[in-house]
1. Sort out which residues of the range 326-358 are assigned to a loop (DSSP other than H, G, I, E, B) and surrounded by 10 or more Cβ atoms within 10 Å (Cβ to Cβ), and write them in order of number.
2. Please find, among Ser50, Ser14, Ser81, Ser42, the residue that is within 27 Å of Leu262 (Cα to Cα), touching a Phe, Trp or Tyr at 6+ places or on another chain (Cβ under 8 Å) and open to solvent by 10 Å² or more (accessible area, probe 1.4 Å).
3. Is there any pair linking a residue in the range 170-182 that is free of Cβ contacts under 8 Å to residues at least 60 places away in the same chain to one that is of a type outside the set (Asp, Glu) and not in a helix (DSSP H, G or I), with Cβ under 8 Å and at least six apart or on different chains, and which?
4. Looking for whichever is open to solvent by less than 30 Å² (accessible area, probe 1.4 Å), touching an Asp or Glu at 6+ places or on another chain (Cβ under 7 Å) and touching a residue at least 40 places away in the same chain (Cβ under 8 Å) here; the options are Ile28, Ile35, Ile95. Which one fits?
5. Just to verify a result, which residue in the range 126-168, among those that are in contact with a Ser or Thr (Cβ under 8 Å, 6 or more places away or on another chain) and part of a loop (DSSP other than H, G, I, E, B), is most open to solvent (accessible area, probe 1.4 Å)?
6. Return yes or no: is Leu71 touching a Ser or Thr at 6+ places or on another chain (Cβ under 8 Å) and touching a residue at least 40 places away in the same chain (Cβ under 8 Å)?
Amino acid sequence: MRVAIIGAGISGLSCAFELEKAGITPVIYEKRGAIGDALDYSSIWSNLISRVNRDPLEYLSEKYNFCVNPLFNLREKIMISPNKKTIAKGNLGYIFKRGLDPYSLEKQIASKISTPVRYNSYVDSNDIRKEFEHIVVATATASIAKQLNVWKDSFITQIRVAVVLGDFKVDSSTVWFNEKYANKSFGYLIPNNSKEATLALIINNSCTDELDHYWKTFLSIENIQYKITHQYDTEYLTGLVRRHKINNIYLVGNAAGFTDDLIGVGAFNAIESGILAAQSIINGSDYNDLAKPIYDDIMKLDHFRQAMNSFDNSDFDKLIGFLKTPGIKQLIYNNPFFKLRHGLPVVKLYNSYKSKKR
């Protein structure tokens, strides 16, 4: 069986892991010269956002025999709006390292496979369509899904990511909401270790040349004075994909629209979609059916993004104020069975109300 994987990121490597378990050695193409983004940074797996009604690491381990290790458990989340602040504590999720670091999520998954990666190899699915029986697109970009006419843009953001030095609690993260610098999005701080952290600003509906202005405004308003050692700017696109297998092409990870457009979390979905694509290839099962629960959850979170797109600073203050209400914070953050999607009926009513007002 000839299987090609385009992209050696999280989803592509996870697909290779599952294929190898069945004795299939894929050909892995990677356009970069190494696995992982050039800048090391940290990201969060939020239990509140997670699609599964259990610990996501236990789920991956028990269902797929797939084990990865976080940097830290996330036990504190500080949320700040222009005039409100609240702190949630509990078993909130995990912090993972990303990038070139030997302990990064990408490198952990790469260590599980024996298939060599063909680095510095840029290929298009059309170039190899006749050479392979199955092609898994794990590029993290929309280009091939757009060629196949199955992609719809949902959220385009400009992002500045910086590595900063200071003193940090390794189990705590901070998120800031303010229209003056983030529009309908947010800034965040996630520790890499006790002396280094990832500081990022995500802005939607802006131009690249506006980033400097918003970044300076962010640092000034929030009085952020950490020493910056590295920073880079990027544009990130999330989208909605209505079909995930077209002929012999399988779309996984963000190439399949499996990064949510609410806060941009996609690693868990990337891993599972890569594994499911491999299982579809191995067993002949319908990948569109296997991936449907992921797609359905992405669509649910899109309703929350629509609501957030209507927020102004007074709404962000109301949201943080609501989360400070006695009992509410405990219900949301200390209840392992509560997921954000449980609030979907209320969000749909809110969106309907806002739509009528417009």
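The values are calculated or read from the model by the stated rules, or taken from the named source; none is laboratory data. As the structure is a prediction and not an experimental result, all values here were calculated from the model. Reconstructed Cβ throughout: ideal geometry from the backbone, glycine too, with neighbour counts over all protein chains shown. Note: accessible area is taken over every heavy atom of the protein model, side chains too, but ligands, DNA and RNA are not part of it. Shrake-Rupley method; radii C 1.70, N 1.55, O 1.52, S 1.80 Å.
1. Let us first name the residues in the range 326-358 that are assigned to a loop (DSSP other than H, G, I, E, B), namely 326-327, 334-339, 358.
If the condition is that a residue be assigned to a loop (DSSP other than H, G, I, E, B) and surrounded by 10 or more Cβ atoms within 10 Å (Cβ to Cβ), then Asn334, Asn335, Pro336, Phe338, Lys339 are the ones that fit.
2. The match here is Ser50.
3. Filtered contacts from the range 170-182: Tyr181/Gly187; Tyr181/Leu201; Tyr181/Ile203; Ala182/Trp176; Ala182/Leu201; Ala182/Ile202; Ala182/Ile203.
4. Answer to the selection: Ile35.
5. Asp167
6. In short, yes.
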